[in-house]
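A.B. asks: Before anything else, here's the structure in question.
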Amino acid sequence: MSAQNVPAPDSGTRNTDAQHAVTQNPDAQHTAAPGITVIGLGQMGSALADAFLTAGHRTTVWNRTPGKADSLVARGAVRAASVAEAVEASGLVVVCVLDYPAVRGLLAPVAGSLRGRVLVNLTSGSPEQARAEAEWAAEHGVGYLDGAVMTTPPGVGDSANMFLWSGSPELLAAHRATLAVLGDPVDLGPDAGLASLYDAGLLGLMWSVFGGWLHATALAGADGVPARDFTAVATRWLKTVSWFMTTYAEQIDEGKYPGDDATIDVQVATIGHLLHAAEARGIDNRLPELHLELMRAAVAAGHGGDSYARIIENFRK
Ligand code: NAP
């Protein structure tokens, strides 16, 4: 399809995106075709399609189990009868299924139809899988953006929540306005693997925070403090912890850990109070014991006078 044959977009948002796509990515002229396709209508894919519909985009949908499209079709989505039909309906093809093998299983047979379009992959996976998918897309003349959804389905469409993007900066710029209806777009640059890398790390951070919060909430709860009262103070504390992290990130990048705020030696003594209080209330102490073990290893290596950021060296094998 030549740029002259690009179908007339039927919304202002699409028009802007289509023109950008042609301007910024002249080799991918099909990207100017209007509309968005969403393949995969599980909990997350349905939320994505719903956000596109809400924003007024012509949205074509396909799911392996067809019934999951019904409510979206009732709201105005176009049902595709096959993956090929779904791909051919739009310039922007969003896929959100269980995993990367499912993505490849669906898209490899329609690689010819995908050529010249933009594949937006919001399926979770490893950085290596994302990079392999980007290579596959390039080999087949398909534009590629890899994304990570940093919320659960009810949070899709809320600009307070982040969508991480990696892959072609030109394609992200061209489709940024369209993708911004899902959540605040955070551009991580051209390495397609970075959205998955950040995603994995950020989920690890979330689980660690959940673990610490639940341990602390169990501790407070043992003395009758309701979880909501404790959590109101805990979430405020997290803002201060974020400030510590920002300071420590500078130290990590410089490889210097001056113990000019709170040394590891001091924190070894302090964590004893937590262990004692939790032990006395019958709370499982495995999490803080792991922290103590990491701190003691740093002390044993002669770094007790350094800042807590030094503990990162324990994680580097
Ligand atoms: P889900 O509700 O279980 O939906 C899974 C989807 O994948 C369904 O559409 C399913 O089709 C499809 N699928 C699975 N295997 C398939 C195959 N072999 N061929 C074709 N389609 C296949 O899961 P979800 O919560 O939507 O998650 C989808 C992706 O989003 C996952 O990678 C997940 O990690 C990611 N994600 C989810 C969340 C969240 O909070 N839910 C947050 C961030 C990222 P059927 O309907 O036919 O089974």
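The values are calculated or read from the model by the stated rules, or taken from the named source; none is laboratory data. Keep in mind that this is a model prediction, so the values were computed, not measured. Glycine gets a Cβ as well: all are built from the backbone with ideal geometry, and neighbour counts include every protein chain shown. Accessible surface areas use protein heavy atoms only, side chains included; no ligands, DNA or RNA. Shrake-Rupley method; radii C 1.70, N 1.55, O 1.52, S 1.80 Å.
A.B. asks: Please determine whether any residue of segment 143-162 is among the hydrophobic types (A, V, I, L, M, F, W, C) and more than 16 Å from the ligand (Cβ to nearest atom). Can you show your working first?
C.D. replies: First, the residues of segment 143-162 that are among the hydrophobic types (A, V, I, L, M, F, W, C): 145, 148-150, 156, 160, 162.
Those left that are additionally more than 16 Å from the ligand (Cβ to nearest atom): none.
No, segment 143-162 contains no residue that is among the hydrophobic types (A, V, I, L, M, F, W, C) and more than 16 Å from the ligand (Cβ to nearest atom).
A.B. asks: Same structure, new question: Name the single residue that is nearest to the ligand (Cβ to nearest atom) among those in segment 120-140 being surrounded by 15 or more Cβ atoms within 10 Å (Cβ to Cβ) and without any contact (Cβ under 8 Å) to a residue 60 or more places away in the chain.
C.D. replies: The extreme case among them is N121.
A.B. asks: Considering each of G167, G116, G157 in turn, give the residue that is in contact with a helix residue (DSSP H, G or I) (Cβ under 8 Å, 6 or more places away or on another chain) and buried (at least 24 other Cβ atoms within 10 Å of the Cβ). Break it down stepwise before answering.
C.D. replies: Details: G116 fails: buried (at least 24 other Cβ atoms within 10 Å of the Cβ); G157 fails: buried (at least 24 other Cβ atoms within 10 Å of the Cβ).
Of G167, G116, G157, the one residue that is in contact with a helix residue (DSSP H, G or I) (Cβ under 8 Å, 6 or more places away or on another chain) and buried (at least 24 other Cβ atoms within 10 Å of the Cβ) is G167.
A.B. asks: Need at least 2 residues that are farther than 30 Å from M150 by Cβ and open to solvent by 60 Å² or more (accessible area, probe 1.4 Å) per element, so show me which helices (runs of 4 or more DSSP H) inside segment 205-317 make the cut, counting only ones lying wholly within it.
C.D. replies: Working: elements: 227-254, 264-280, 286-300, 312-315.
Filter on segment 205-317 gives 264-280, 286-300.
A.B. asks: In segment 80-119, which residue that is within 14 Å of the ligand (Cβ to nearest atom) and charged (D, E, K, R) is farthest from G143 (Cα to Cα)?
C.D. replies: Looking at residues that are within 14 Å of the ligand (Cβ to nearest atom) and charged (D, E, K, R), I get D99.
A.B. asks: Scan segment 43-79 for residues that are among the basic types (K, R) and either in contact with a strand residue (DSSP E or B) (Cβ under 8 Å, 6 or more places away or on another chain) or more than 12 Å from the ligand (Cβ to nearest atom) (or both) and jot them down.
C.D. replies: Residues of segment 43-79 among the basic types (K, R): 58, 64, 68, 75, 79.
Hits for segment 43-79 are R58, R75, R79.
A.B. asks: If you don't mind, another one. Considering every residue within segment 96-113, establish whether at least one is in contact with a Lys or Arg (Cβ under 9 Å, 6 or more places away or on another chain), surrounded by 19 or more Cβ atoms within 10 Å (Cβ to Cβ) and not in a helix (DSSP H, G or I).
C.D. replies: So far as segment 96-113 goes, yes, one or more of its residues are in contact with a Lys or Arg (Cβ under 9 Å, 6 or more places away or on another chain), surrounded by 19 or more Cβ atoms within 10 Å (Cβ to Cβ) and not in a helix (DSSP H, G or I).
A.B. asks: Condition check: among the small types (G, A, S), assigned by TED's automatic domain parsing to the domain that holds G35 and assigned to a loop (DSSP other than H, G, I, E, B). Does G157 satisfy that? Steps first, answer last, please.
C.D. replies: Details: among the small types (G, A, S): yes; assigned by TED's automatic domain parsing to the domain that holds G35: yes; assigned to a loop (DSSP other than H, G, I, E, B): yes.
Yes, satisfied.
A.B. asks: Run down D146, D70 and say which single residue is touching a residue at least 40 places away in the same chain (Cβ under 8 Å) and either surrounded by fewer than 19 Cβ atoms within 10 Å (Cβ to Cβ) or under 23 Å from T178 (Cβ atoms) (or both).
C.D. replies: Numbers: D70 fails: touching a residue at least 40 places away in the same chain (Cβ under 8 Å).
So the residue among D146, D70 that is touching a residue at least 40 places away in the same chain (Cβ under 8 Å) and either surrounded by fewer than 19 Cβ atoms within 10 Å (Cβ to Cβ) or under 23 Å from T178 (Cβ atoms) (or both) is D146.
A.B. asks: Pull out all pairs, ordered by first then second residue, where Cβ-Cβ is under 7 Å, the residues are six or more apart or on different chains, the first lies in segment 41-53 and is in the same structural domain as V181 (by TED's automatic domain parsing) and assigned to a loop (DSSP other than H, G, I, E, B), and the second is more than 8 Å from the ligand (Cβ to nearest atom) and not β-branched (V, I, T).
C.D. replies: The qualifying pairs are L41/A49; L41/A69; L41/L72.
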